[in-house]
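Right, one structure below, let's go through it.
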Amino acid sequence: MPNNGDMRVVERIYLADKDILHDELEIFAPKILTKPWKTTRIFFRQRARKFDIAEGVCVQGDLAERINEEGDHVFVPVEKTIWGNIVAPKK
């Protein structure tokens, strides 16, 4: 996604109530968007339900920042082998 380096993201996470979590996101990118983009995700705690805590893994290194032909900053997929190793960039 091109952003020309002027994109700014503001995220506000807070408890709206004892069992309600709000995650407000606002993206400012004047060269790409005609107005700021806003969204709110609302999460509800369900105290009556019991859940197991599962381990999660953050996948890092799947995207690399590059500059495209128009001079925009973009993220491109990183090439990997079938075993998941990163392939050295071609020169």
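Tabulated results
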read-out: Dipole moment magnitude, nearest 20 debye, the chain about Cα centre, only Lys, Arg, Asp, Glu C-beta charged; value: 280 debye
read-out: Cα lying deepest toward the dipole's positive end in the chain, options Thr40, Leu15, Phe75, charges on Cβ; value: Leu15
read-out: Pairwise Cα inverse-distance average, inverted: Kirkwood Rh of the chain (Å); value: 17.2 Å
read-out: GNM flexibility winner over the chain from Ala29, Ala16, Ala48 (Cα, springs under 10 Å); value: Ala48
read-out: Residue of Asp19, Asp62, Asp52 that the Gaussian network model of the chain assigns the largest fluctuation, springs spanning Cα pairs under 10 Å; value: Asp52
read-out: Most mobile of Arg41, Arg66, Arg49 in a GNM of the chain (Cα contacts under 10 Å); value: Arg49
read-out: Neighbourhood charge, 11 Å Cβ-Cβ cut-off, centred on Arg45 and excluding it, Lys, Arg +1 and Asp, Glu -1; value: +1
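Bear in mind that the values in this text are calculations on the coordinates, not laboratory data. Just so it is clear, the model here is predicted, and its values are computed rather than measured. With ideal geometry, Cβ positions are generated from the backbone for all residues, glycine too; neighbour counts draw on all protein chains shown.
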